Amino acid sequence: MMTQLKITAEDEKRVKGMGFLRNRGTDCFSARIITVNGKITAAQNKCLSEATDLYGNGFVTFTTRLTVECQGIHYDNIEKFQEYIAKEGLVTGGTGSKVRPVVSCKGSTCQYGLIDTFGFSEEIHERFYNGYAKVKLPHKFKIAVGGCPNNCVKPDLNDIGIIGQRIPNYDEDGCNGCKKCSVVEACPIKVAKLEDGILEIDKDLCNNCGRCVGKCHFDCIEDGTTGYKIYIGGRWGKSIAQGVALSKVFTTKEEALDVVEKLILLYREQGQTGERLSQTIERIGFEVIEKELLSDDIWARKQEILDSKLHLVGGATC
């Protein structure tokens, strides 16, 4: 039987930084496991079950952001728990004013998925969650990756949300003006219409879901261009903000990854300690932030931004 400890506020803060969140009214903690992209192996799953049986209360819970928490781990067993799960390459973490673990939908296997969400999220995890692990930000920074415009991961409620796109390559000259158009019937949001007997697709309203690609019997939309639509400045919590989409749909993965890094750097440079990105954007202006993200000017300041002594004192305002 474990003895009751007097756990100080400093003790609690220290282990929270390691991903251990105190269970209310006890000397026990829930360990937050980093799943990288919301996917773990059968061996890792077995390891977590064994670890929570040995050092916790036997319960495993799943968070809304696709991490796993093992409950009831006594303060004295925290290091033993970490050592046990390390056998399967698992770690704890995911707290603090920095880049948080990425959330991914199952677009890699989903019938509607337009991009490899698991693979893309893993790249984001390595480059920004691990690569920027020691970079202090004004507040938490949440990233979501969705495979299609169904928006299952709620991209516009994250600091940055990336959505897979398939931009239809419509050859208007190939349209035969069929009285019953298979593309019009395939469009789930009804922005493909017949105008004077010719297919018209409103590019301002089309969400690039790709459902029309390959549907024309005369091949006027044989293929589509893969893209990445990016929302910035979303927030969900005590105070809610709707993210806004950048005006450009990016057509390479590298461009999309660079936008993520530029936004992290801008947030560190221009955000005030304690404010969420949405507040920074509101204070500075979306147009100003977007202009920076669509240019490469910030790369010249990257090392200076990373070396600056910023956000050393906490104090969340929301």
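Tally up the residues in the stretch 120-150 that are farther than 19 Å from Arg65 by Cβ and of a type outside the set (A, V, I, L, M), please.
6
Residues are listed down the side, and each one gets a yes or a no for (1) in contact (Cβ under 8 Å) with a residue 12 or more places away in the chain; (2) within 17 Å of the chain's Cα centre (by Cα); (3) surrounded by 18 or more Cβ atoms within 10 Å (Cβ to Cβ):
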residue: Ser121; (1), (2), (3): yes, yes, yes
residue: His125; (1), (2), (3): yes, yes, yes
residue: Gly147; (1), (2), (3): yes, yes, yes
residue: Gly164; (1), (2), (3): yes, yes, yes
residue: Gly177; (1), (2), (3): yes, no, no
residue: Cys181; (1), (2), (3): yes, no, yes
residue: Asp202; (1), (2), (3): no, no, no
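Cβ contacts < 8 Å: first residue under 21 Å from Phe120 (Cβ atoms) and modelled with pLDDT of 95 or more, restricted to the stretch 233-257; second residue surrounded by fewer than 16 Cβ atoms within 10 Å (Cβ to Cβ) and basic (Lys, Arg), any location; separation 6+ or different chain. Result?
Listed by first residue and then by second, the contacts come to Leu257/Arg127.
Within the group Phe62, Phe29, Phe20, which residue is without any contact (Cβ under 8 Å) to a residue 24 or more places away in the chain and of a type outside the set (Asp, Glu)?
Just one listed residue meets the conditions, Phe62.
So Phe20 passes all but one of these: (1) closer than 26 Å to Ser104 by Cβ; (2) more than 25 Å from the chain's Cα centre (by Cα); (3) surrounded by 15 or more Cβ atoms within 10 Å (Cβ to Cβ). Which condition number does it fail?
Going through (1) closer than 26 Å to Ser104 by Cβ; (2) more than 25 Å from the chain's Cα centre (by Cα); (3) surrounded by 15 or more Cβ atoms within 10 Å (Cβ to Cβ) one by one, Phe20 breaks only (2).
The values are calculated or read from the model by the stated rules, or taken from the named source; none is laboratory data. Just so it is clear, the structure is predicted and the values come from calculations on it, not from any experiment. FYI the Cβ positions are ideal-geometry reconstructions off the backbone, even for glycines, and counts take in every protein chain you see.
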